[in-house]
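S.K.: This is the structure, below, for whatever I ask next.
Bear in mind that the values in this text are calculations on the coordinates, not laboratory data. Because the structure is a prediction, the values reported are computed rather than measured. In this analysis, Cβ positions are derived from the backbone assuming ideal geometry, glycine residues included, and neighbour counts consider all displayed protein chains.
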Amino acid sequence: MRTGVSGFQPARLVQARESLGITRVALATLVGVSPATISNWEKGSQSPEEDKLRALGEAVKFPMNWFLKNSPEHGNEPYFFRSLASSTKTAREMARVRLNWVAEMANILGQWVSWPEVNVPSIPEKVFLKITDGEIETLATECRKAWKLGMGPISDVVLTLENAGVIFARDEIGYLKMDGVSHWSQLDGRPYVFVTADKANGIRNRFDAAHELGHLVLHRNVDEPTFKQYHKEIERQADLFAGCFLLPAESFSAEVSWPTLETLLSLKPRWKTSVAAMIMRCYQLDIIDDDQKLRLFKGRSARGWTKGEPYDSQFPFEEPRLLNRAVRMLVDQNVLSRTEISHRLGLSEYLVESLCGLPKGFFSSKSAESNLVELKALLKESVSKPQNGNGGNVLDFPGNRTK
């Protein structure tokens, strides 16, 4: 029989612990209870007394009401991670929890703001097993055409995804082996992307964003067992899609007269893509063969570029805008106060600030900025609303159309 504070939500405790990357034993030490007690709280067989709930909140730096807030279901669709190795399990949990929080916050804020319509193409279930590299190239090109990007360098990949209805967030989690995660949420049928900022630079984050877009387009209808079974191929396809999307075949190849390291480095400021990614793209386009690719990578390593390439620090991170401007609009239009927004979202203020890209101390200071989203009540026209948004299209790819 459960005792303690009525309405305690075990799932919220699990989220808080996993978001910090700590074990039940470590949390028990912080709270001053036994590991078995923490386990019972998480299983729901027991609830903490008021003093222990307060101690728990102080230990993990979450408001007490967070543990009384119902936790929504995010669905069984897979979360796409680069690595499934046991060494990255904690980092995966931390990233997954943050992505779910982003989805939850977006749905709460969606009571007052209208997000851009979802306009992300996808392919039917299981088709990814038959799709060719050439067809992935075609899908990447179709995305560019649908979003009117042309065939030149993309000025802002993150903004491009947000214009297509993807809710995007970036934050540090304290792990260098984690790049990002993407997921189609059951909450609203919308795609979400979380990219870490621990080891990356602006160039790397652009590729990470394009990689996650590859998952959203190619693997929307893949289930969790299939993802685990074909993980290596699924990740290879997402990498290939990212290269095709960032470096279109015809326009990029026309600029690579002779693929030396110096040539590729000179193209980096224009295409905002790493030399490593351009080497792989040249190989995919048959501009270079296996031996040339090997020589280029060896030369890159000899120059010490594996730890960081020239110009990396000159490209700023592409900042997500949707969540940030939604919060600011509600405050600026006097729809909700900062205190009320913080209370409704439920998370610790520092987490809301970091996940929404707000400045530290936002909830205790004044600020204002122009907006990307529209208030439902005011029906303002959003400057970023994608054209031809129809909730996402299911595309047949060339050569393997269903009969």
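S.K.: Under a plain spin-label model, where a point goes 7 Å from the Cα along Cα-to-Cβ, how far apart in nm are Met64 and Arg344?
M.R.: According to this spin-label approximation, the distance is 2.4 nm.
S.K.: Please compute the contact order of the stretch 1-112 in relative form: average sequence separation of alpha-carbon pairs under 8 Å and at least six residues apart, divided by the residue count, as a percent.
M.R.: The normalised contact order for the stretch 1-112 reaches 35 percent.
S.K.: Return the long-range amide H neighbours of His183 (sequence gap of 5 or more, or a different chain), with a cut-off of under 5 Å between placed amide H atoms.
M.R.: Under 5 Å from the amide H of His183 lie the amide H atoms of Tyr192, each far enough along the sequence or on another chain.
S.K.: If I take R0 = 41 Å and measure r between the Cβ atoms of Gln9 and Thr306 in this structure, what FRET efficiency does the formula 1/(1 + (r/R0)^6) give, to the nearest 0.05?
M.R.: About 0.35, to the nearest 0.05.
S.K.: Could you state, as a whole-number percent, how many of the C-alpha pairs of the stretch 124-174 are farther apart than 16 Å?
M.R.: 58 percent
S.K.: Next question. If I compute Rg and Dmax of the Cα atoms in Å from the structure I just sent, which labelled value in (1) 22.9, 69; (2) 20.7, 73; (3) 22.6, 74 lines up?
M.R.: The listed entry that was calculated here is (3).
S.K.: Compute the distance in nm between two label points, each set 7 Å from the Cα along the Cα-to-Cβ direction, one at Met151 and one at Ala197.
M.R.: 3.6 nm
S.K.: Would you mind checking the pairs Lys177/Lys232; Lys130/Lys232; Lys130/Lys272; Lys43/Lys69; Lys268/Lys298 and listing those with alpha carbons more than 23 angstrom apart?
M.R.: Those over the limit are Lys130/Lys272.
S.K.: Please list, in order, the residues from the stretch 302-344 whose amide nitrogen is less than 19 Å from a point placed 7 Å along the Cα→Cβ vector of Gln111.
M.R.: 323-344
S.K.: I need the peptides 26-35, 215-224 ranked by packing, meaning the mean over residues of other C-beta atoms within 10 angstrom, with the highest value on top.
M.R.: In decreasing order of mean packing, 26-35, 215-224 become 215-224, 26-35.
S.K.: Helix 10-20 against the longest principal axis of the chain: what's the angle in degrees, Cα atoms only, rounded to the nearest 10?
M.R.: Value to nearest ten degrees: 50.
S.K.: A further question follows. Identify the residues of the stretch 40-63 with backbone N under 11 Å of a label point that sits 7 angstrom from the Cα of Ala26 along the Cα-to-Cβ direction, or state none.
M.R.: From the stretch 40-63, the list is empty.
S.K.: How large is ³J(HN,Hα), in whole Hz, for each residue of the stretch 219-226 in order, when computed from phi with the Karplus curve 6.51 cos²θ - 1.76 cosθ + 1.60 and θ = phi - 60°, using x for Gly and Pro?
M.R.: 10, 4, 9, 7, 8, 4, x, 5
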